[in-house]
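Notes for the one structure printed next.
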Amino acid sequence: YFGSTRPSDDRAALALLELAVAADPKFAKAHALRSRNLTRLGGNSGSPSEASSYIGQALEAAHRALELAPTLADAHLALANARGVRLDFRGAKQPMERAVQLAPGDADALRSYAGHIFAFGEVSAARQAATKAVALDPLNPAAHAQLADIEYGALNYRIAIGHYEKALSLSPAARFTRAKLAFCLMFVGETEEALKQAEQETAPWMRQVALAIIRRKLGDKAGAVIELEQLKRNGPLISYQVAEVLAQWRDI
């Protein structure tokens, strides 16, 4: 789960977690991680019905983990993630805060908490939590990527670039990271380098988003259109990303 770089890794992790809960149905941490794995599969699914099924199972697994271990931080974190992927951000806030209260030295909980409160505009507190997560778990690429996301969202592109590069030095195939690095480079005027990074993005639809935007920025309108058309083939769940591309093209 933590080393995943593609959907097949997530499915392999789920198969192992299914074995874990079957072997020990009262193992709360297994139910919690299974919930998070299901949430990730649902969030990245290309089918609305499949996504709904995964997320429904994720919520059930999180509640089961909480029944077994009400003070387990991982269980609260799992519930928060499952609610968050359904866009119930306010419903996710309480279990996310509870996870950090229960495990203030847990880098994984702090990282997730940082991303969540940043979405509510709590930039300083989010940066503090993400920085602590990096200090606690400096070899975790996800911790560096989360700190980068916060700086990117705060428009501190140069600072974000350094954090994304650190994350990629630890996990060169990390999903979404090269595309985000590419956007930062584009925003600071290093568009040719941005294109090189975008071409190496391992998540296909994210690569298409980045290339559609950056090729258009470089004046390659035909190439940008090809990328957008390929992006659209991913189905209705990619509508937000299509809008994202069109917004960058100023096609309001």
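Just a few scattered comments:
- Against the chain, whose longest principal axis comes from its Cα atoms, helix 177-187 is set at around 40 degrees.
- Candidates Ala212, Ala103, Ala22: whichever shows maximal mean-square fluctuation once the chain is modelled as a Gaussian network with Cα springs under 10 Å: Ala22
- Taken along the Cα-to-beta-carbon direction at a fixed 7 Å, the label points for Leu139 and Glu50 span 3.4 nm.
- Cα-centred dipole magnitude for the chain, charges only on beta-carbon of K, R (+1) and D, E (-1), debye, nearest 20: 200
- Using the Karplus relation 6.51 cos²θ - 1.76 cosθ + 1.60 with θ = phi - 60°, the per-residue 3J(HN,Hα) values for segment 5-21 come to 10, 7, x, 5, 5, 5, 5, 5, 5, 4, 4, 5, 5, 4, 5, 5, 6 Hz, with x marking Gly and Pro.
- Candidates Ala210, Ala130, Ala173: whichever shows maximal mean-square fluctuation once the chain is modelled as a Gaussian network with Cα springs under 10 Å: Ala173
- Highest GNM mean-square fluctuation among Arg233, Arg158, Arg178, for the chain modelled with Cα contacts below 10 Å: Arg233.
- Cross-link partners of Lys93 among aspartates and glutamates (Cα-Cα below 13 Å; sequence separation of 8 or more within a chain): Glu122
- Near Ala160, once Lys and Arg are set to +1 and Asp and Glu to -1 for all other residues with Cβ below 15 Å from its Cβ, the sum equals 0.
- Based on C-alpha pairs under 8 angstrom that are at least 6 apart in sequence, segment 5-100 has a relative contact order of 25 percent.
- Folded to 0 to 90 degrees: helix 204-217 orientation relative to the chain principal axis, Cα: 30
- Lys/Arg +1, Asp/Glu -1 at C-beta; the chain dipole; positive extreme among Phe2, Ser171, Ala126: Ala126
- Candidate cross-link partners of Lys196 among the lysines, defined by an alpha-carbon separation under 30 Å and a same-chain spacing of 8 or more, comprise Lys166, Lys180, Lys217, Lys221, Lys232.
- For segment 73-82, 3J(HN,Hα) per residue [Karplus equation, 6.51 cos²θ - 1.76 cosθ + 1.60, θ = phi - 60°, Hz, x = Gly/Pro]: 4, 4, 5, 5, 5, 4, 5, 4, 5, 5
- With at most 13 neighbouring Cβ atoms within 10 Å, loop chymotrypsin sites (Phe, Trp or Tyr not before Pro) (DSSP) excluded, longest segment of the chain: 121-252
Computed from the coordinates by the stated procedures, all read-outs in this text should not be read as laboratory data. Every value quoted in this text rests on a predicted model; they were computed, and no experiment measured them. Because the Cβ atoms are built from the backbone with ideal geometry, glycine has one as well, and the counts that use them run over all protein chains shown.
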